[in-house]
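Heads up, the thing below is written out as structure tokens.
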Amino acid sequence: MNDITGKRTTLRFAEAEGFVYCQKETIERIKSNTLPKGDLFGVAKASALLGAKKTADLIPHCHPVTIDSFSIQFEIIEEKNAVRILTQAKSIGKTGIEMEALTGVTVAALVIYDLLKPIDKTLEISSVRLLEKKGGKTDKQIAKFAFGSTAKILVCSDSCFAGNKEDGSGKVIAELLKEEGVDVLETKIVPDEPTEIKDTIIKWTSEKIDLIVTTGGTGLGPRDNTTDTIKPMLEKEIPGIAEVMRSFGQDRTPFAMLSRSIAGNIGKSIIIAVPGSTNGAKESMTAILPAIFHAKKMMIGEGH
């Protein structure tokens with residue numbers, strides 16, 4: 001099974017459909033409810049629900065997910081001599097729920113096949129497919145926020161600036177941003193000096209960079225100056241960003257609560273300060289990408 005510990009918990013949605021084709025006479029029997037094995041759609045609906053709940057038991061690489069909502073509809077399409085099966089599923093979790101929606105369709109189709117086979121030898125199950133999937137990083141509505149944006153990364157570290165330590169956090173932030181279609185224009189290393197940090201941010205905001213990420217200096221050490229330097233510079237603080245980063249990190253390490261990460265805007269630039277450790281920076285950015293770039297629309301007055 002794939003490792004999904006790094007994924008965010010979000011609302012997931014999936015819609016799937018499938019068809020059972022039969023003879024015209026069979027359609028008439030379905031409509032008149034005169035089938036030898038009784039209620040067709042009631043049994044098929046119950047079986048679809050049971051099948052969806054058993055998806056992880058049936059398909060080896062599927063993660064068990066909580067199904068928070070599951071609906072199934074049946075439609076008789078007389079011109080095609082077919083029964084259409086439509087399922088919709090919702091879950092709040094770390095992975096998609098499309099396999100549950102597809103399993104529900106498939107099991108319902110098999111049950112319909114089983115109940116109709118005594119009167120129809122031409123039955124055919126066909127066109128089982130996913131119609132729509134939402135949630136997570138693959139959500140097109142969210143993913144498009146980041147594409148084409150610009151970013152610069154400021155590594156605040158005495159040891160990296162002196163050449164005694166190799167930068168890891170700046171590199172991982174750049175990789176994550178590039179994966180989202182963001183143009184990373186520069187990564188700069190400065191010492192933990194308030195003047196150096198402030199001057200760089202002033203220069204970059206004047207260039208109207210969409211996102212400025214600082215890494216390092218968000219802890220409680222005597223040289224952790226980044227948060228204290230950035231906070232008075234912000235025009236508006238965005239506390240929810242830092243809250244999400246800490247919450248996401250806290251699920252993975254008990255020390256995330258000690259981070260003094262901060263976020264806000266200066267002009268049209270979003271400023272985010274993340275921890276200096278590679279894991280801390282990666283987890284913080286994973287928690288907010290790509291949705292953070294929706295702030296661009298809000299700041300130019302386009303709302304939600």
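Summary of computed values
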read-out: Restricting the range 1-25 to residues that are modelled with pLDDT of 85 or more and assigned to a loop (DSSP other than H, G, I, E, B), the residue that is least open to solvent (accessible area, probe 1.4 Å); value: C22
read-out: Subset of the range 129-138 that is modelled with pLDDT under 95 and basic (K, R) - its residue that is surrounded by the fewest Cβ atoms within 10 Å (Cβ to Cβ); value: K137
read-out: Residue in the range 78-86 that is surrounded by 15 or more Cβ atoms within 10 Å (Cβ to Cβ), in a strand (DSSP E or B) and polar (S, T, N, Q) present; value: no
read-out: Count of the range 246-259 residues which are among the basic types (K, R) and assigned to a helix (DSSP H, G or I); value: 1
read-out: Residues (over 18 Å from R246 (Cα atoms), surrounded by fewer than 17 Cβ atoms within 10 Å (Cβ to Cβ) and either of a type in the set (V, I, T) or within 31 Å of the chain's Cα centre (by Cα) (or both)) located in the range 195-232; value: T195, I202, E207, K208
read-out: Condition check for L50: of a type in the set (A, V, I, L, M), open to solvent by 40 Å² or more (accessible area, probe 1.4 Å), over 30 Å from D251 (Cα atoms) and not in a strand (DSSP E or B); value: yes
read-out: Criterion (under 19 Å from I4 (Cβ atoms), open to solvent by 20 Å² or more (accessible area, probe 1.4 Å), outside any strand (DSSP E or B) and assigned by the TED database to the domain that holds S32) met by exactly one of I67, I92; value: I67
read-out: Those residues of the range 253-271 which are exposed (fewer than 14 other Cβ atoms within 10 Å of the Cβ) and either in contact with an Asp or Glu (Cβ under 6 Å, 6 or more places away or on another chain) or in contact (Cβ under 8 Å) with a residue 40 or more places away in the chain (or both), in sequence order; value: G267, K268
read-out: Any chance F41 is within 14 Å of A82 (Cα to Cα) and aromatic (F, W, Y); value: yes
read-out: Residue match in the range 119-128 (condition: modelled with pLDDT of 95 or more, of a type outside the set (A, V, I, L, M, F, W, C) and assigned to a helix (DSSP H, G or I)); value: no
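The values are calculated or read from the model by the stated rules, or taken from the named source; none is laboratory data. Remember, it's a predicted structure, so these values are computed and weren't measured experimentally. Note: ideal-geometry Cβ built from the backbone for every residue, glycine included; neighbour counts use all protein chains shown. Surface accessibility is based on the protein's heavy atoms, side chains included, excluding ligands, DNA and RNA. Shrake-Rupley method; radii C 1.70, N 1.55, O 1.52, S 1.80 Å.
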